[in-house]
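Structure first, commentary second.
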Amino acid sequence: MISLDFSFNILTKDLSHYLENQVKVGLFGSGVGLSLVLGFSAAYTCYYLISVAKKPQLISGGKKFYQFLREQCPVVSETYYPTFWCWESRIQTLLRPFVTAKPGVVYRNELIKAADGGQISLDWFDNDDSLSHPDPATRPTVLLLPGLTGTSRESYILHMVQQSQDLGYRCVVFNNRGVSGETLLTPRTYCAANTEDLEAVIDHIQRTNEAAPIMAAGVSMGGMMLANYLGRKGLETCLKGVVVFSAGWDVFECTASLEKPLDRFLFNSYLTSCLQASVHRHRPVLEKCYDIDHVMKARTIREFDERFTSIMFGYPTNDDYYRDASPVHKLKSVQVPMLCLNAADDVFSPSHAIPVEAVKQNPNLALLITCHGGHIGFLEGLWPRQSTYMDRVFKQFAKAVIEQGSRLKDLS
């Protein structure tokens, strides 16, 4: 956690030393310049400490889960200090992929068959050097789900793999169909509402390591898919716990937010082009069933879903698809401990659509809301290269679920 003294004393001391010794101007000019810099620094620091750095809001539907998180995951009670030079939501969102390091991870790839004849790509990090769990038969497994166009090579996924490695756990990344370089064998990709592939993956993981406990973490659309899965399965799942980051809870509100002019320019158009690029890579198999030329003319995610996703998964209208894809409608049916981290300034998941009241009605749910963090940002520290607030939430919750999971069996 960033020291308050560091925020002001170190900054002003370094600036004073630099200006006094390096800036070659007259005495009067130097004094005025130094005073202005120190005055601005003091004002900015005060604003940051009063308005930016705040403790997150922890909401839970039950006292037992709430107390468990407070005891086992101290990060939920600590003040979150966003990186002081990039705390604004869009800047956090845009910079995270470039600022954070990409740990070196060597995966073992596995392709499994789907019921429709397609194939699903899984990237395993077996962690055979684990000291705390040397027996692979019982080594805990963490299932990771990337975002909309993400793969196992996203920095946030690599960070969670690294955190799991430190804990001695095994990881497996579920890559959505067609995004990680594998051949698309059938004219079907993926969407947030359909959880058939996820169910097949979880069943496969359980059969592969029957004695190993399994938990899961989902990011953005991966988190939406996980929440929809839990809402449909209830108690009929082997997952011991789930953590969800930056999920969009109401797809109508998410798309409306991303269609505002600035956010459409910064995010919507880029993501749409990424989705279209994936369709273009698999055009030979997809054009047999869909009007790919029409799909390639889409300019927003909503237009893409109207022309491709909703049609692929058999929805009468795109509104029907968006309604089914919105996890907010299924939260009441979740029967597995699920922690959800959202930033109040996330333009992908606007604060008014965060399901606070729905979470309060289910003792298996907890919601952690930070004032800042953007979408999958959560940068902290002077130079946030190695770890983020999101990484710390993941590591502490994963350890708590795996090692103290017996306390979560009955949260009602």
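The values are calculated or read from the model by the stated rules, or taken from the named source; none is laboratory data. Computed from a predicted structure; not experimentally measured. Heads up, the Cβs are rebuilt from the backbone with ideal geometry, glycines too, and the neighbour counts pull from every protein chain shown. Side chains are part of the model used for accessible areas, which takes the heavy atoms of the whole protein and leaves out ligands, DNA and RNA. Shrake-Rupley method; radii C 1.70, N 1.55, O 1.52, S 1.80 Å.
Structure notes:
- Helix axis angle, 27-47 relative to the chain longest principal axis, alpha carbon, degrees: 40 degrees
- Portion, in percent, of the accessible area of the chain that falls on carbon or sulfur, probe 1.4 Å: 55 percent
- The distance between label points at Ser35 and Tyr107 comes to 5.9 nm (points 7 Å beyond Cα on the Cα→Cβ vector).
- Among 283-293, 253-263, sorting by the average number of other beta carbon atoms lying within 10 angstrom of each residue, highest first, gives 253-263, 283-293.
- Cα gyration tensor, the range 41-123 - rounded (a/c under 1.5), prolate or oblate: oblate
- Gyration tensor (alpha-carbon) shape descriptor, the range 296-384, a/c threshold 1.5: oblate
- The lysines whose alpha-carbon is closer than 26 Å to the alpha-carbon of Lys233, local same-chain residues fewer than 8 away aside, are Lys63, Lys64, Lys113, Lys330, Lys332, Lys360, Lys395, Lys399, Lys409.
- Contact order relative to length of the chain, as percent, for alpha carbon pairs under 8 angstrom and 6 or more apart: 24 percent
- On Cα atoms only, tilt of 196-208 relative to the major axis of the chain in degrees: 90 degrees
- Charged side chains reduced to their Cβ positions (Lys and Arg at +1, Asp and Glu at -1) give the chain a dipole of some 380 debye around its Cα centre.
- The mean accessible area for residues of the chain, using a 1.4 Å probe and ignoring ligands and nucleic acids, is 44 Å² per residue.
- Applying 1/(1 + (r/R0)^6) with R0 = 41 Å to the Cβ-Cβ distance of Gln67 and Arg153 gives a FRET efficiency near 0.65.
- For the pair Val285 and His352, label points projected 7 Å from Cα toward Cβ lie 4.2 nm apart.
- Modelled spin labels at Ile311 and Glu196, positioned 7 Å past Cα toward Cβ, are 1.9 nm from each other.
- Volume per residue that the Cα convex hull of the chain spans, once the total is divided by residue count, Å³: 159 Å³
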